[in-house]
Amino acid sequence: MADAPKSFTLSPEIHRYLLEHGSPPDDVQQRLIERTQEAAKDFAGMQIAPEQGAFMTLITRLIGARQAVEVGTFTGYSALCIARGLAEDGRLICCDISEEWTSIGRPYWEKAGVADRIDLRIGPAVDTLAALPAGEQFDLAFIDADKPNYARYYEEILGRLRVNGLIMVDNTLWGGNVLDGADQSENTVAIRAFNDLVARDTRVDCVQLPISDGLTLLRKR
């Protein structure tokens, strides 16, 4: 293994440079970011970073995804990014428990012209996923919800993912707390357990990227 990492924690200046030299949020996305900051206030940090959204749109397009599922929609920015990358006849099933937060995103899905690609289902995601038909049906998945259920969401989705399909999982570095042995909080313990699970799972190829708060990519073999 390499002795020294090639990545590093971004300073505000490097982060600004990174955003300026990638595909920036368009007007609709920027307005959704601002609306989330206004409405969610203390919870706005739950929204994915702009560079992560651009990456997810790119990945969705690269694999030619038509059928996708998302667990954890919040105010709809990640859904917007994935839906934009889908084929015109594609569909994204969004699982969330909050009508309040997801309602913020709906007008922006409409403005972006992707509302017809998004099927929002309100209720516990484990139940929503378990009620889906068995068998391979998804090309792409994104998990960004309650951490103790990450492993359950993963198992429900993996069996419904096509070979070479991709699962993206957010917050897998958890602010670096995955390495803090003194942190035995429920979320941190759950993320550690999930990271260990997928790292040794022979059903997938696993890559953990230092994008935002850690983004794990899992390709079904």
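The values are calculated or read from the model by the stated rules, or taken from the named source; none is laboratory data. Keep in mind that this is a model prediction, so the values were computed, not measured. Virtual Cβ from ideal backbone geometry, glycine too; neighbours counted across all protein chains shown. Heavy atoms of the whole protein, side chains included, go into the accessibility calculation; ligands, DNA and RNA do not. Shrake-Rupley method; radii C 1.70, N 1.55, O 1.52, S 1.80 Å.
Select from segment 7-19 the residues that are under 19 Å from Gln47 (Cα atoms) and assigned to a helix (DSSP H, G or I) and list them in ascending order. Matches in segment 7-19: Pro12, His15, Arg16, Leu18, Leu19.
Condition check: open to solvent by 30 Å² or more (accessible area, probe 1.4 Å) and modelled with pLDDT of 95 or more. Does Ala199 satisfy that?
Yes.
Would you confirm, using the coordinates I've provided, whether Ala112 is at pLDDT below 95, more than 18 Å from the chain's Cα centre (by Cα) and among the hydrophobic types (A, V, I, L, M, F, W, C)? Step through it out loud before you land on a result.
Details: at pLDDT below 95: no; more than 18 Å from the chain's Cα centre (by Cα): yes; among the hydrophobic types (A, V, I, L, M, F, W, C): yes.
When the stated conditions are applied, Ala112 does not pass them.
Checking each residue in segment 63-80 for being touching a Ser or Thr at 6+ places or on another chain (Cβ under 6 Å) and β-branched (Val, Ile, Thr) picks out Thr73, Thr75.
Determine which single condition Gly175 fails, assuming it passes every other condition in (1) modelled with pLDDT of 95 or more; (2) open to solvent by 50 Å² or more (accessible area, probe 1.4 Å); (3) farther than 30 Å from Ala87 by Cα. Evaluating Gly175 over (1) modelled with pLDDT of 95 or more; (2) open to solvent by 50 Å² or more (accessible area, probe 1.4 Å); (3) farther than 30 Å from Ala87 by Cα leaves (1) as the failure. A single entry from Gly22, Gly64 fulfils the requirement of being in a loop (DSSP other than H, G, I, E, B), in contact (Cβ under 8 Å) with a residue 24 or more places away in the chain and more than 18 Å from the chain's Cα centre (by Cα): Gly22. Counting only residues that are at pLDDT 95 or above and either hydrophobic (A, V, I, L, M, F, W, C) or open to solvent by 60 Å² or more (accessible area, probe 1.4 Å) (or both), segment 210-221 holds 5 of them. Scanning segment 69-116 for residues that are among the charged types (D, E, K, R) and in a helix (DSSP H, G or I), we see that the one that is least open to solvent (accessible area, probe 1.4 Å) is Arg84.
Looking only at residues of segment 124-150 that are of a type in the set (S, T, N, Q) and within 22 Å of Leu86 (Cα to Cα), we find that the one that is least open to solvent (accessible area, probe 1.4 Å) is Thr128.
Quick one: which of Gly53, Gly64 is of a type outside the set (Val, Ile, Thr), modelled with pLDDT of 95 or more, open to solvent by less than 50 Å² (accessible area, probe 1.4 Å) and over 18 Å from Arg106 (Cα atoms)?
Gly64
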